[in-house]
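Only one structure is covered here, and it is reproduced in the block below.
The values are calculated or read from the model by the stated rules, or taken from the named source; none is laboratory data. Remember, it's a predicted structure, so these values are computed and weren't measured experimentally. Note that we place each Cβ from the backbone using ideal geometry, even for glycine, and neighbour counts take in every protein chain shown. Just so you know, the surface numbers come from the protein's heavy atoms only, side chains and all, with ligands and any DNA or RNA stripped out. Shrake-Rupley method; radii C 1.70, N 1.55, O 1.52, S 1.80 Å.
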Amino acid sequence: MRVVVVGTGHVGLVTAVTLAAIGHDVVGVDNDEERIGGLRQGISPFFEPGLQGLMEQMTDAGRLRFDVEVTGAVQGAQVIFFCVGTPARASGEASLVALERAVRSVAPSLSGPAVVVEKSTVPAGTAERLWRILRLERPDLVDEIEVVSNPEFLREGQAVEDALHPGRILVGARSPRGFETMRQLFEPLIDSGTRFIETDMATAELAKHACNAFLALKISFANALARVCERAGADVTAAVDVMGSDPRIGRAFLDAGLGYGGFCFPKDLQAFEHLAARLGYDFPLLREVARINDEAVEATFEKVKDALWNLEDKRVALLGLSFKPDTDDVRFSPALALAGRLLNEGATVVGYDPWAGAAAKSELPGLEVASSADDAMADAHCMVVCTEWDEFRSLDLRRAKALLAHPIVVDGRNIFDPTTMKEEGFVYYGTGRASHRSAH
Ligand code: UGA
């Protein structure tokens, strides 16, 4: 099928590349000329495992191209995805300005039967609004245009894998034709066993917000439990394993640590709460989830303070700066929240990340960025694990101890074994589990 993807951010680019990979003829459109220039030279604007290679293959195969101009691209397209950003306004409400502009800019170029797909995460009712806009802009095509909601469930760092082997495909539509076109589009994935879920548009939109909010809730539950475990002398990792062994609960997203970050959970939670309030329902549980998440950073900060006392004249090494492993994304990264907190209290903070160093530096100029974990740890008074990259799990602990000025480790992601850390002579602070406040 002929497909246009408007917006080449994380979701849009992965969508464009993987739709090409399952056999479609795709044009990725973005009004950012520099980005399109880079994409035309085969350069992905962000790091995502497997994306660059697949993008090159699809471009070489002639099934994927990029354009700044939407008019030509849309001519004859059967499916047009909208993957533009929906950032939070100061109030927390999702800003849908870019989405409205994008849809209005495409409307005049629509020429015949086409399905307009809302892929961005948006408040319930947005697809209905898009439908109204299209009806007003193109009354001549009312019977030919469909609007559907097709929320994405991609995880950064696993986005290509998630797009090619999704857990489910969710489509909210107004008419059988919308479902039919989307079934046709995703046929190769449906044939290989992916569940295709059909709902109305508002339900699909709401379900996406509900999924992200519930996952964030699980993480905050684990973090609140960690606070209690720390006080009770219990082990949160063992406790959530017990919880997770009950299939009604499930073990996923119960890892306590520095909390969740990224451009989805914090923003979507706020937008969801805002939507509920607008509809006349107060949903304080969502505020509490966010509060516990902030508390997770604060609890880690307190451990550093407990270990170092005054932070002035102290050097703190942070391992991991991205909001989670396998991405260079630092948006709403708990690691940077912690770095900011430490810098405000007068510490010198030096961070290392396999991919996100440059992005972290531009977000937080006061942060020193080292080019290796060794360089970050050299002469630091304390090391904090902020993001659980594999590289840190296999850290040479003896070498780390020799490099650090003091053998103090605050494990914000519970990647080390407390007993081993004790045996190796570290002062070790876990998250929600045993801490060893003396080296031996
Ligand atoms: C999330 C959802 O998982 C995707 O399904 C969804 O499509 C996406 O948001 C979106 O709405 O676009 P993502 O933000 O890429 O994906 O990251 P996750 O893997 O969900 O992790 C989010 C945060 O939670 C990370 O900071 C991670 O470190 C943290 N986390 C995750 C925990 O602190 N504990 C856990 O047990 C799991």
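Structure above, values below:
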{"read-out": "Leading residue by the ranking (least open to solvent (accessible area, probe 1.4 Å)) among those in the stretch 366-390 that are within 16 Å of the ligand (Cβ to nearest atom) and among the charged types (D, E, K, R)", "value": "Glu388"}
{"read-out": "Condition met for Glu312 (open to solvent by 10 Å² or more (accessible area, probe 1.4 Å), away from the ligand (no atom under 13 Å from the Cβ), touching a Gly at 6+ places or on another chain (Cβ under 7 Å) and without any contact (Cβ under 8 Å) to a residue 60 or more places away in the chain)", "value": "yes"}
{"read-out": "Search result, residues across the stretch 157-198 that are within 15 Å of the ligand (Cβ to nearest atom) and assigned to a helix (DSSP H, G or I)", "value": "Ala159, Val160, Glu161, Asp162, Ala163, Leu164"}
{"read-out": "Any hit, the stretch 235-252, residues being near the ligand (Cβ under 10 Å from one of its atoms), in contact with a Lys or Arg (Cβ under 7 Å, 6 or more places away or on another chain) and touching a residue at least 40 places away in the same chain (Cβ under 8 Å)", "value": "no"}
{"read-out": "Residue within the stretch 151-169 that is buried (at least 21 other Cβ atoms within 10 Å of the Cβ), over 30 Å from Trp389 (Cβ atoms) and of a type in the set (A, V, I, L, M) present", "value": "no"}
{"read-out": "Number of the condition not met by Ala271 [criteria: (1) within 16 Å of the ligand (Cβ to nearest atom); (2) surrounded by 14 or more Cβ atoms within 10 Å (Cβ to Cβ); (3) modelled with pLDDT of 95 or more]", "value": "(3)"}
{"read-out": "Unmet criterion (only one of (1) open to solvent by 10 Å² or more (accessible area, probe 1.4 Å); (2) of a type in the set (Val, Ile, Thr); (3) closer than 29 Å to Ala405 by Cβ) for Val304", "value": "(1)"}
{"read-out": "Criterion violated by Val147 - all others in (1) modelled with pLDDT of 95 or more; (2) open to solvent by 70 Å² or more (accessible area, probe 1.4 Å) satisfied", "value": "(2)"}
{"read-out": "Matching residues, the stretch 18-36, being away from the ligand (no atom under 16 Å from the Cβ), open to solvent by less than 30 Å² (accessible area, probe 1.4 Å) and within 17 Å of Glu161 (Cα to Cα)", "value": "Leu19, Ala20"}
{"read-out": "Residue selected from the stretch 337-355 under the condition touching a residue at least 60 places away in the same chain (Cβ under 8 Å) and either away from the ligand (no atom under 16 Å from the Cβ) or closer than 26 Å to Ala159 by Cα (or both), by the criterion surrounded by the fewest Cβ atoms within 10 Å (Cβ to Cβ)", "value": "Trp355"}
{"read-out": "Unmet requirement for Pro113, which otherwise passes all of (1) open to solvent by 30 Å² or more (accessible area, probe 1.4 Å); (2) over 23 Å from Arg183 (Cα atoms)", "value": "(2)"}
{"read-out": "Of the criteria (1) within 16 Å of the ligand (Cβ to nearest atom); (2) in contact with a helix residue (DSSP H, G or I) (Cβ under 7 Å, 6 or more places away or on another chain), which one Lys208 fails", "value": "(2)"}
{"read-out": "Helices (runs of 4 or more DSSP H) (entirely within the stretch 279-396) containing at least 1 residues that are of a type in the set (Ser, Thr, Tyr)", "value": "284-308, 357-363"}
{"read-out": "Scan of the stretch 221-233 for residues that are of a type outside the set (A, V, I, L, M), open to solvent by 30 Å² or more (accessible area, probe 1.4 Å) and either within 11 Å of the ligand (Cβ to nearest atom) or part of a helix (DSSP H, G or I) (or both), ordered by number", "value": "Phe221, Glu230, Arg231"}
{"read-out": "Residue list for the stretch 239-256, filter: under 23 Å from Asp294 (Cα atoms), open to solvent by 20 Å² or more (accessible area, probe 1.4 Å) and not in a loop (DSSP other than H, G, I, E, B)", "value": "Ala239"}
{"read-out": "Unmet requirement for Arg183, which otherwise passes all of (1) more than 18 Å from Val79 (Cα to Cα); (2) over 19 Å from the mean Cα position of the chain (by Cα); (3) not β-branched (Val, Ile, Thr)", "value": "(1)"}
{"read-out": "Failed criterion for Lys218 (all others in (1) within 25 Å of Val84 (Cβ to Cβ); (2) near the ligand (Cβ under 9 Å from one of its atoms); (3) not assigned by TED's automatic domain parsing to the domain that holds Glu302 hold)", "value": "(1)"}
{"read-out": "Subset of the stretch 289-309 (residues that are over 21 Å from Asp379 (Cβ atoms) and either in contact with a Cys (Cβ under 8 Å, 6 or more places away or on another chain) or within 16 Å of the ligand (Cβ to nearest atom) (or both))", "value": "Val289, Ala290, Arg291, Ile292, Asn293, Asp294, Glu295, Ala296, Val297, Glu298, Ala299, Thr300"}
